[in-house]
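Visitor: Quick one: the structure is below, questions incoming.
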Amino acid sequence: MSQLYHDASINGMAADGVGQPQNTRVLDGNEQQLEEFLGDNVEYDEEGEEQRYYRRKRILTVKSVISASLGVAMTYGVYLGLLEMQLILHYDETYREVKYGNVGLQDIDNKMLMGINVTPIAALLYTPVLIRYFGTKWMIFLSSGIYALFVSTNYWEKYYTLVPSATVIGAMIVPFWASIGNYITRMAQRYYEFANYKDENMREERKLPRGASHKYIIIFQCIFFSIFHLCFILSQFPVYFFLSKFLYGYNHTLCDVKQCGASIQSGLLPGFNVTVLHSLPSSVNLIYMESALMLVAVSSMILILILCGSAYRPTEEIDLRSIGWGNIFQLPFKHARDYRLRCMTPYFLYTGFEVLFACTGFTLGYGVCSLGLENLPYLLTAYGLSCCVFSSLGLSLLRLPRQIPLLTGPLLHSCLLIGLFFWSPTPRDQSQSPVLYLVAILWGIGSALNKTSVSILIGMFYEDKGRQDFVFTIYHWLQAFAIFIVYLWSGLPMMAKLGLVLASALISVLSYLWMEHKINLKVQPRIPKIPSPRHKVKGYRYLEEENSDESGTEDEGNGSEMDRDEKSGSEEEDCREQPPQRRRMRKTGSCYEQAVVE
């Protein structure tokens with residue numbers, strides 16, 4: 001009872017204002033909630049939130065790399081599979097006469113292959129312009145759409161459908177691959193930024209330290225090529241599940257073949273039977289197969305569009321375009337000053353020679369000539385599976401000197417080519433299949449090392465994000481030019497083809513060793529200057545004199561290879577010609593802090 005009186009006396013004093021501070025105002029319910037919301041949150045863990053934010057960024061970066069790899073593998077699997085099935089069907093004389101009469105499918109195929117192989121020669125002129133205009137991710141997406149367009153034209157096989165679509169594919173091959181190489185390299189650099197967000201360079205958005213992202217470039221390129229080489233396996237599905245049940249056996253298709261391998265005097269496979277189909281596939285079944293391929297092609301486009309993040313921030317994309325379209329057009333040619341690219345040119349050409357020789361010269365002149373057309377998909381599957389598995393050998397660059405994987409591929413191919421010089425398989429001899437599959441697997445090991453190591457080397461040499469698209473354009477343009485040369489020599493004797501591929505392999509080894517020798521002597525490369533972005537009064541972002549939305553400028557030149565005080569004479573000349581530009585303000589906060597503020 002005394003406790004009750006005591007509580008009542010306290011309440012009475014509070015009601016009369018006794019014992020309560022005079023300056024304290026009683027808050028109602030809404031004001032109290034607002035005070036709790038705007039006040040300091042003692043339980044908020046800023047460091048933990050920052051860690052979770054950058055962990056999500058790293059996961060999204062890996063997801064983008066895997067999605068891009070799967071999308072490209074599906075696109076090329078559909079393209080190569082449809083092209084292989086189309087060429088087999090159009091080769092059959094009965095199919096041409098019954099299905100299309102006097103349409104001239106073989107002539108259409110020749111024009112189509114010419115469009116695919118000849119058009120990329122002009123790609124050096126427009127590839128960087130397209131990449132800078134559309135952006136890296138959108139260039140990959142649009143190129144995959146062109147491949148889907150090629151699939152759709154096969155519903156109506158006419159000259160005015162197949163040839164134009166093949167020509168457009170040839171025009172988009174170099175932009176497609178240059179964008180992919182640039183995208184994977186940029187994702188590796190961004191992963192480094194997200195993994196080391198606490199570094200001072202990342203906080204102030206400075207240039208990355210020299211060689212900082214090399215580890216992630218090696219890992220991401222190996223991931224990409226391990227997934228991409230699945231396209232050689234996916235491309236055989238149309239033959240596995242559809243065309244194989246219509247093919248004649250090897251005793252029929254090879255009945256007139258007298259020479260195989262090194263003894264072939266001209267062409268790919270002289271004496272091959274003009275009829276390879278014992279029964280013709282119905283038009284409805286063909287439509288079903290092409291519809292399935294079209295579905296996969298559209299799925300790859302959706303995969304790239306939805307799951308792949310952008311390689312650059314919007315302000316960086318604006319900066320890349322703001323150096324001027326004339327400069328964008330000229331810079332691929334100016335990069336020819338760099339002795340490293342000149343010394344790697346034979347290697348770039350060789351990588352184009354060896355892949356196409358493996359898919360045409362070896363598989364037809366040795367594999368099909370001995371085992372029959374029905375075993376063609378199995379040989380290509382063995383080659384593709386070997387490329388997938390052994391692309392992981394590029395991870396050896398994390399521990400071994402870069403010369404080892406870059407020299408192992410050409411030397412392995414050289415040994416195989418010397419062996420092929422002295423081997424002419426017997427036609428229709430199935431006992432030689434273990435040797436043929438072994439050669440396909442070993443060739444796949446060399447191809448995997450070549451592709452992975454060259455892409456890694458380019459990413460390590462040219463870390464400046466403003467010049468990567470130019471260098472990858474040169475690399476893939478030279479590859480496309482090599483494929484064009486292989487297309488021209490298709491009628492030569494097999495010994496001449498083997499000699500050309502062997503010569504290119506040995507020359508690439510010598511040229512690469514000469515480049516490494518000059519690097520060891522610390523010879524500075526002549527790298528063209530990337531002009532600073534020229535922002536006028538165009539666009540809402542740069543109307544003000546000092547706009548905090550602008551991205552920080554990078555030091556000119558390639559920081560990974562030369563410092564500011566070590567510029568070559570040509571770069572100093574470019575600096576004198578370049579008009580002085582207004583220095584823009586750098587952002588001082590991290591990406592996480594900006595996101596929190598927004």
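Visitor: Looking only at the range 213-246, count every residue that is free of Cβ contacts under 8 Å to residues at least 40 places away in the same chain and more than 30 Å from ASP199 (Cβ to Cβ) and tell me the total. Before the answer, list the steps.
Guide: Applying the first criterion (free of Cβ contacts under 8 Å to residues at least 40 places away in the same chain) to the range 213-246 yields 216, 241, 245-246.
Add one more test, that the residue is more than 30 Å from ASP199 (Cβ to Cβ), and what stays is 241, 245-246.
The qualifying residues number 3.
Visitor: Does VAL276 meet the test of being of a type in the set (A, V, I, L, M), surrounded by 21 or more Cβ atoms within 10 Å (Cβ to Cβ) and more than 21 Å from SER179 (Cα to Cα)?
Guide: Values: of a type in the set (A, V, I, L, M): yes; surrounded by 21 or more Cβ atoms within 10 Å (Cβ to Cβ): yes; more than 21 Å from SER179 (Cα to Cα): yes.
For VAL276, the condition - of a type in the set (A, V, I, L, M), surrounded by 21 or more Cβ atoms within 10 Å (Cβ to Cβ) and more than 21 Å from SER179 (Cα to Cα) - is met.
Visitor: Now a separate question. How many of the residues making up the range 454-467 are farther than 20 Å from PHE357 by Cα and assigned to a helix (DSSP H, G or I)? Full working, then the answer.
Guide: Step one: list which residues in the range 454-467 are farther than 20 Å from PHE357 by Cα, which gives 455-467.
Next cut, assigned to a helix (DSSP H, G or I) only: 455-461.
Residues flagged as farther than 20 Å from PHE357 by Cα and assigned to a helix (DSSP H, G or I) within the range 454-467 amount to 7.
Visitor: Test VAL298 against the criterion of being open to solvent by 50 Å² or more (accessible area, probe 1.4 Å), in contact with a helix residue (DSSP H, G or I) (Cβ under 7 Å, 6 or more places away or on another chain) and β-branched (Val, Ile, Thr), and give yes or no. Lay out the reasoning, then the answer.
Guide: Numbers: open to solvent by 50 Å² or more (accessible area, probe 1.4 Å): yes; in contact with a helix residue (DSSP H, G or I) (Cβ under 7 Å, 6 or more places away or on another chain): yes; β-branched (Val, Ile, Thr): yes.
Yes, satisfied.
Visitor: SER143 - would you say it is at pLDDT 90 or above and over 21 Å from the mean Cα position of the chain (by Cα)?
Guide: On the way: at pLDDT 90 or above: yes; over 21 Å from the mean Cα position of the chain (by Cα): no.
No.
Visitor: Which is open to solvent by less than 30 Å² (accessible area, probe 1.4 Å) and modelled with pLDDT of 95 or more, of LEU397, LEU416? Show your work before the answer.
Guide: On the way: LEU397 fails: modelled with pLDDT of 95 or more.
Going through LEU397, LEU416 in turn, the sole match is LEU416.
Visitor: Here's another thing I want to ask about it. Before we move on, is ILE304 open to solvent by 20 Å² or more (accessible area, probe 1.4 Å) and on the phi < 0 side of the Ramachandran plot? Spell out how you get there, then give the answer.
Guide: Working: open to solvent by 20 Å² or more (accessible area, probe 1.4 Å): no; on the phi < 0 side of the Ramachandran plot: yes.
For ILE304, the condition - open to solvent by 20 Å² or more (accessible area, probe 1.4 Å) and on the phi < 0 side of the Ramachandran plot - is not met.
Visitor: Please verify whether ILE328 is β-branched (Val, Ile, Thr) and either assigned to a loop (DSSP other than H, G, I, E, B) or touching a residue at least 24 places away in the same chain (Cβ under 8 Å) (or both), treating the condition exactly as stated. Even if it seems obvious, please write down each step before you answer.
Guide: Numbers: β-branched (Val, Ile, Thr): yes; either assigned to a loop (DSSP other than H, G, I, E, B) or touching a residue at least 24 places away in the same chain (Cβ under 8 Å) (or both): yes.
It is true that ILE328 is β-branched (Val, Ile, Thr) and either assigned to a loop (DSSP other than H, G, I, E, B) or touching a residue at least 24 places away in the same chain (Cβ under 8 Å) (or both).
For (1) among the β-branched types (Val, Ile, Thr); (2) modelled with pLDDT of 90 or more; (3) in contact with a Phe, Trp or Tyr (Cβ under 8 Å, 6 or more places away or on another chain), each residue gets a yes or a no:
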{"position": "ASN201", "(1), (2), (3)": "no, no, no"}
{"position": "LEU208", "(1), (2), (3)": "no, no, yes"}
{"position": "SER226", "(1), (2), (3)": "no, yes, no"}
{"position": "LEU230", "(1), (2), (3)": "no, yes, no"}
{"position": "ILE233", "(1), (2), (3)": "yes, yes, no"}
{"position": "PHE246", "(1), (2), (3)": "no, yes, no"}
{"position": "LEU268", "(1), (2), (3)": "no, no, no"}
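Visitor: Checking LEU130 against (1) farther than 21 Å from TRP325 by Cα; (2) open to solvent by 10 Å² or more (accessible area, probe 1.4 Å); (3) at pLDDT 90 or above, which single condition isn't satisfied?
Guide: Answer for LEU130: the failing condition is (1).
Visitor: Something else about it: Could you tell me which numbered condition THR351 fails, if it satisfies all but one of (1) open to solvent by 10 Å² or more (accessible area, probe 1.4 Å); (2) under 23 Å from GLY181 (Cβ atoms)?
Guide: (1)
Visitor: Is there a residue being surrounded by fewer than 20 Cβ atoms within 10 Å (Cβ to Cβ), farther than 17 Å from LEU417 by Cα and either in contact with a strand residue (DSSP E or B) (Cβ under 6 Å, 6 or more places away or on another chain) or at pLDDT below 90 (or both) anywhere in the range 378-386?
Guide: no
Visitor: While we're looking at this one, here's another question. Looking at LEU400 and the list (1) touching a residue at least 40 places away in the same chain (Cβ under 8 Å); (2) closer than 30 Å to LEU521 by Cβ, which single condition is not satisfied?
Guide: Looking at each condition in turn, LEU400 falls short on (1).
Visitor: For the range 148-196, which residues satisfy the criterion of being at pLDDT 90 or above, small (Gly, Ala, Ser) and under 30 Å from LEU208 (Cα atoms)?
Guide: ALA178, SER179, GLY181, ALA188
Visitor: Quick check on my filter: what residues within the range 419-453 are open to solvent by 50 Å² or more (accessible area, probe 1.4 Å) and either in a loop (DSSP other than H, G, I, E, B) or on the phi > 0 side of the Ramachandran plot (or both)?
Guide: PHE422, TRP423, SER424, THR426, ARG428
Visitor: Only one residue in LEU280, LEU295, LEU286 is in a loop (DSSP other than H, G, I, E, B) and over 21 Å from the mean Cα position of the chain (by Cα), so which one is that? Spell out the reasoning first.
Guide: Working: LEU295 fails: in a loop (DSSP other than H, G, I, E, B); LEU286 fails: in a loop (DSSP other than H, G, I, E, B).
When all the criteria are applied, what remains is LEU280.
Visitor: Any residue at all in the range 310-332 that is at negative phi, under 18 Å from the mean Cα position of the chain (by Cα) and open to solvent by less than 30 Å² (accessible area, probe 1.4 Å)?
Guide: Applying the first criterion (at negative phi) to the range 310-332 yields 310-323, 325-332.
Of the ones still in play, those that are also under 18 Å from the mean Cα position of the chain (by Cα) are 310-312.
In the following step, the residues that additionally are open to solvent by less than 30 Å² (accessible area, probe 1.4 Å) were identified as 311-312.
Among the residues of the range 310-332, at least one is at negative phi, under 18 Å from the mean Cα position of the chain (by Cα) and open to solvent by less than 30 Å² (accessible area, probe 1.4 Å), which makes the answer yes.
Visitor: Which is surrounded by 14 or more Cβ atoms within 10 Å (Cβ to Cβ), more than 33 Å from the chain's Cα centre (by Cα), modelled with pLDDT of 85 or more and among the β-branched types (Val, Ile, Thr), of THR94, THR119? I'd like the intermediate steps shown before the answer.
Guide: On the way: THR119 fails: more than 33 Å from the chain's Cα centre (by Cα).
The unique qualifying residue is THR94.
The values are calculated or read from the model by the stated rules, or taken from the named source; none is laboratory data. As the structure is a prediction and not an experimental result, all values here were calculated from the model. Note: ideal-geometry Cβ built from the backbone for every residue, glycine included; neighbour counts use all protein chains shown. Side chains included, ligands, DNA and RNA excluded: accessible areas come from the protein's heavy atoms. Shrake-Rupley method; radii C 1.70, N 1.55, O 1.52, S 1.80 Å.
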